[in-house]
Amino acid sequence: QVQLVESGGGLVQPGGSLTLSCAASGIRINSYMMRWYRQAPGKARELVAGITSAGGSTLFADSVKGRFTISRDNSKNTVYLQMNSLKPEDTAVYSCNVAYSSYWGKGTQVTVSA
């Protein structure tokens, strides 16, 4: 019943921007910390960003700090990841997750290439 669906991925040039969305159903996310992860082929999944239930606190991996912003709109049951100044090394499948749960989206592909 619980479903997380990511959208907004695609092909972008280095230095460009993308905004990812994670729309939840079957669960009200207002009570939960939410996280974005990414995984590139042959590499381990890594935590990219996290946001507390009301959006009052955020955290970012050092590799994306200053370039990415995580936000949420609990009235829309949606979490966002704004990605700026994208680099080829940001290429990965990006997935959202309800923190400390087994609820994951299938992910959306982000490819940064000239």
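One line per residue, one yes/no per condition, for (1) under 17 Å from S7 (Cβ atoms); (2) open to solvent by less than 40 Å² (accessible area, probe 1.4 Å):
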residue	(1), (2)
D73	yes, no
Y80	yes, no
N84	no, no
Y94	yes, yes
Y100	no, no
T108	yes, yes
Requested in this report: Give the residue that is least open to solvent (accessible area, probe 1.4 Å), with candidates limited to residues of the stretch 20-41 that are modelled with pLDDT of 95 or more, outside any strand (DSSP E or B) and not β-branched (V, I, T).
Outcome: A40
Query raised in the report: Checking L81 against (1) more than 14 Å from the chain's Cα centre (by Cα); (2) in contact (Cβ under 8 Å) with a residue 60 or more places away in the chain, which test does it fail?
Result: (1)
Query raised in the report: Just to be sure, is A54 within 14 Å of the chain's Cα centre (by Cα) and either at pLDDT 95 or above or not acidic (D, E) (or both)?
Result: no
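The values are calculated or read from the model by the stated rules, or taken from the named source; none is laboratory data. From a predicted model like this one, the values you see are computed outputs, not experimental measurements. For neighbour counting, all protein chains shown are included, and Cβ atoms are generated from backbone atoms with ideal geometry for every residue, glycine included. Heavy atoms of the whole protein, side chains included, go into the accessibility calculation; ligands, DNA and RNA do not. Shrake-Rupley method; radii C 1.70, N 1.55, O 1.52, S 1.80 Å.
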